[in-house]
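The values are calculated or read from the model by the stated rules, or taken from the named source; none is laboratory data. Predicted model only: the values in this text are computed from it and were never measured. As a convention, Cβ positions derive from the backbone with ideal geometry for all residues, glycine included, and neighbour counts pool all protein chains shown.
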Amino acid sequence: MIKFTLIIWVCSFLGREVCMPPIQSPIIYDSWYACSRAAHTKSLKIMSNLGYKVVNRDKIAMKYRCKESPII
């Protein structure tokens, strides 16, 4: 059965794209759907923690990947 691991990058889009090291979720997801939904939820939390001023000033956005990880 295929499972998914969520990886999120916090990036600034000031001129050129610059991203922090990836954040890997410790949770293994049963479906692409669940992983993708979690990516959006976690991204909103990260943006809220950074705050309105920082996100706007540094043009912060998230990139994510739901990486397949076969579990035996």
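Overview of values
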| read-out | value |
| --- | --- |
| Residue list for segment 22-60, restricted to those being part of a helix (DSSP H, G or I) and among the hydrophobic types (A, V, I, L, M, F, W, C) | W32, A34, C35, A38, A39, L44, I46, M47, L50, V54, V55 |
| Check on C66, out of contact with any Phe, Trp or Tyr (no Cβ under 7 Å at 6 or more places or on another chain), surrounded by 12 or more Cβ atoms within 10 Å (Cβ to Cβ), assigned to a strand (DSSP E or B) and modelled with pLDDT of 95 or more | no |
| Candidate set from segment 15-58 (those that are in contact (Cβ under 8 Å) with a residue 12 or more places away in the chain and in contact with a helix residue (DSSP H, G or I) (Cβ under 6 Å, 6 or more places away or on another chain)); member that is nearest to I71 (Cα to Cα) | Y29 |
| Residue count for segment 6-16, restricted to those that are farther than 11 Å from I60 by Cβ and either in a loop (DSSP other than H, G, I, E, B) or small (G, A, S) (or both) | 2 |
